[in-house]
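J.: Dumping the structure here so I can ask a few things about it.
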Amino acid sequence: ATPTALLTGTGRGAQLGILVKDAETLERTRKIDTIVLNKTGTVTEGRMRLVTVVAAEGETRDEILALAGAVERASDHPIARAIDEAGNSALPVDEFAALPGLGVEGWVAGKWVLVGRRELVVQRWGELPRQLEEALGETAGTAVVVAWDGIARGVLVVADVVKPTSAQAVRELKALGLAPFLLTGDRAPVAEAVAAEVGVETVVAGLLPEGKVQAIRELQRQGRVVAMVGDGVNDAAALAQADLGIAMGKATDPAIEASDLTLVRRDLRVAADAIRLSRRTLATIR
Ligand code: ADP
Ligand code: MG
């Protein structure tokens with residue numbers, strides 16, 4: 001590939017809102033046969049809203065929301081924004097820590113508060129009250145557990161919507177000969193519903209950030225050349241492991257850093273544009 005041709009390709013890419021990290025990226029794009037999509041913020045809007053609060057016996061909805069909202073204020077995860085908005089809490093948080101792909105924790109009003117996936121809370125503080133287990137079993141939504149001082153206090157269910165362009169994007173990616181996979185840290189029922197809505201047949205759910213890396217490595221072991229599209233801090237390692245990492249608009253800095261391509265618009269169709277463009281550019285220069 002001549003530098004001039006690559007520049008032309010990259011310039012057209014810039015018009016479409018596709019930023020290319022280096023010249024070899026376009027060459028690599030051509031060999032991709034598999035595309036792994038992260039769910040939250042990639043296939044879905046990543047703008048979550050709180051839909052249900054389940055309080056364990058003896059707990060109040062207001063306190064659960066105020067404490068969870070305060071600790072989530074310091075996180076930029078889509079789940080965090082939904083809980084922060086609903087909690088509308090002015091309480092300060094100390095010693096905040098984000099646990100990527102798991103949840104968040106910190107001191108709020110003299111209590112050590114943990115908000116995150118069920119496994120995180122169980123691992124730290126043991127089994128949940130039966131009432132909360134039942135609430136988790138009954139919802140097909142994205143649900144997180146709120147706990148403080150060693151006890152699980154409630155379950156919050158948040159909901160996201162699929163982007164209107166995602167189904168079309170999946171059709172375009174398939175037409176380009178790519179096999180799509182949906183990879184997510186969210187629960188299986190949510191992941192399967194989203195996959196069905198956009199036409200992706202293969203789903204791997206409940207993954208930790210390291211699990212996403214392993215899933216991609218496994219696809220590579222099968223001889224596949226894998227592109228991955230993601231946007232969160234928790235996607236950075238997987239984006240780096242993929243043969244082609246694609247960060248989606250307003251991605252976190254670690255995600256952009258780990259990627260070869262950045263899409264300015266939060267529209268999955270641009271991933272298909274990028275692959276089409278690079279194939280055309282390389283065809284021209286041969
Ligand atoms: P995805 O792979 O869909 O982008 P993540 O890896 O970001 O999902 O998150 C996986 C799971 O970890 C979430 O479904 C949630 O249970 C938990 N989690 C992550 N971040 C947070 C947070 N800030 N607050 C509560 N739970 C969180
Ligand atoms: Mg994500």
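J.: Relative to the first principal axis of the alpha-carbon coordinates of the chain, what is the inclination of helix 166-175, with its axis defined by its Cα atoms, in degrees from 0 to 90 and to the nearest 10?
T.: That works out to roughly 40 degrees.
J.: Would you mind counting up the charge near P254? Only other residues with Cβ under 14 Å from its Cβ, with Lys and Arg at +1 and Asp and Glu at -1.
T.: Values: positive: K212, K250; negative: D76, D231, D235, D253, E257.
Summing Lys/Arg as +1 and Asp/Glu as -1 gives -3.
J.: If contacts are Cα pairs under 8 angstrom and at least 6 residues apart, what is the relative contact order of the chain in percent? Could you put the intermediate results ahead of the total?
T.: Numbers: 599 pairs, mean separation 71.5, N = 286.
It comes to 25 percent, rounded to a whole number.
J.: Modelling each spin label as a point 7 Å along the Cα-to-Cβ direction, I'd like the R49/E119 distance in nm, to one decimal.
T.: Output for this residue pair reads 3.0 nm.
J.: Let me ask something else. Roughly speaking, what is the stretch gain from R279 to A188, that is 0.36 nm per residue apart minus the C-alpha to C-alpha distance, in nm to one decimal? All intermediate terms of the calculation are to be shown ahead of the outcome.
T.: Numbers: separation 91, 0.36 × 91 = 32.76 nm, distance 3.46 nm.
Answer, rounded to one decimal: 29.3 nm.
J.: How would you classify segment 49-159 from its alpha-carbon gyration tensor, with a ≥ b ≥ c the square roots of the eigenvalues: rounded for a/c under 1.5, else prolate if a/b is greater than b/c, otherwise oblate? Walk me through the numbers on the way to the answer.
T.: Working: a/c = 1.36, a/b = 1.22, b/c = 1.11.
It comes out rounded by the Cα gyration axes.
J.: Still on this structure: Report the net charge of residues surrounding R276, where surrounding means a beta-carbon distance below 12 angstrom and charges are Lys +1, Arg +1, Asp -1, Glu -1. Write out the running numbers ahead of the final one.
T.: Values: positive: R12, R30, R269, R279, R280; negative: E172, D273.
Local charge sum for R276: +3.
J.: Helix 209-221 versus the longest principal axis of the chain: what angle, 0 to 90°, nearest 10, using Cα atoms?
T.: Tilt relative to the chain: about 30 degrees.
J.: Just to confirm the number: angle between the C-alpha axis of helix 61-72 and the first principal axis of the chain, 0 to 90 degrees, nearest 10?
T.: 40 degrees
J.: Further question on the same structure: Would you kindly state how much longer the chain becomes between A74 and A167 on full extension, computed as 0.36 nm times their sequence separation minus their alpha carbon distance, in nm to one decimal?
T.: Details: separation 93, 0.36 × 93 = 33.48 nm, distance 3.27 nm.
Computed gain between A74 and A167 is 30.2 nm.
J.: How much length, in nm to one decimal, is gained on full extension between T202 and A14, taken as 0.36 nm per residue of separation minus their Cα-Cα distance? Numbers along the way, then the final one.
T.: Values: separation 188, 0.36 × 188 = 67.68 nm, distance 3.16 nm.
64.5 nm is the gain from fully extending T202 to A14.
J.: Mind checking which of R124, R217, R266 has the largest fluctuation in a GNM of the chain, springs on alpha carbons under 10 Å?
T.: So, out of R124, R217, R266, the one fluctuating most is R124.
Values in this text are rule-based calculations from the coordinates and carry no lab data. None of the values given here were measured: they were computed from a predicted structure. Don't worry about glycine lacking a Cβ; one is built from the backbone with ideal geometry, like all the others, and counts go over all protein chains shown.
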